[in-house]
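Reading through the structure tokens given below for one structure.
The values are calculated or read from the model by the stated rules, or taken from the named source; none is laboratory data. Keep in mind that what you see is a predicted model, and the values were worked out from it rather than measured. Please note: Cβ atoms are built from the backbone with ideal geometry, for glycine as well, and neighbour counts cover all protein chains shown. These area figures cover heavy atoms from the full protein model, side chains too; ligands, DNA and RNA do not enter into them. Shrake-Rupley method; radii C 1.70, N 1.55, O 1.52, S 1.80 Å.
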Amino acid sequence: SRCRFMTVRAAWQQMPARRAHPDERDVGGAVGGGRYVLAMAYYALTLVHGPNWDASRQIREQQAWPQHAAFMDGLVDDGFIIIGGPLGDGRRTLHAVEAADERQIKTRLAEDPWASMGLLQIGSIRPWALWLDGRPSHPMP
């Protein structure tokens with residue numbers, strides 16, 4: 001598998017409208033046509049290079065790149081990762097994640113081949129209230 005890379009705008013526009021989570025409540029109002037929603041199940045996740053990261057290699061040249069890329073694609077396909085990618089020089093990545101709690105995030109990411117190889121590790125997990133959502137709305141079936 002190969003990791004799917006595209007512009008953030010293209011990725012965001014292709015994503016379906018988010019489903020309301022049972023722990024959310026509409027806090028009313030709209031600004032610029034968007035909805036404000038109190039979200040309880042979203043997190044800002046940063047990943048950082050682990051101790052075994054080979055700084056002399058580009059990301060796609062790291063050991064087990066195909067397995068890591070397939071794993072990350074699976075997290076996107078499952079709806080676990082909403083959007084994400086490298087920040088700045090690529091030493092960190094930022095992901096918007098939908099999960100029940102921090103424990104679920106840690107458990108899922110522990111399954112990444114790069115985690116067990118010491119190539120990638122969690123930098124931080126922070127609750128994130130996503131109040132603005134610019135994706136086009138689609139009626140739920």
Report task. Among what's in the range 45-62 and is under 20 Å from the mean Cα position of the chain (by Cα) and free of Cβ contacts under 8 Å to residues at least 60 places away in the same chain, pick the residue that is most open to solvent (accessible area, probe 1.4 Å). Result -> R60
Requested in this report: Run A41 past the list (1) under 19 Å from I125 (Cα atoms); (2) modelled with pLDDT under 95; (3) among the hydrophobic types (A, V, I, L, M, F, W, C); (4) exposed (fewer than 15 other Cβ atoms within 10 Å of the Cβ) and report the number of the one that doesn't hold.
Outcome: (4)
Report summary line: Expected output for the range 79-102 (first residue without any contact (Cβ under 8 Å) to a residue 24 or more places away in the chain and under 16 Å from Q58 (Cβ atoms), partner open to solvent by less than 30 Å² (accessible area, probe 1.4 Å) and part of a loop (DSSP other than H, G, I, E, B), Cβ below 6 Å, 6+ apart or cross-chain) is none
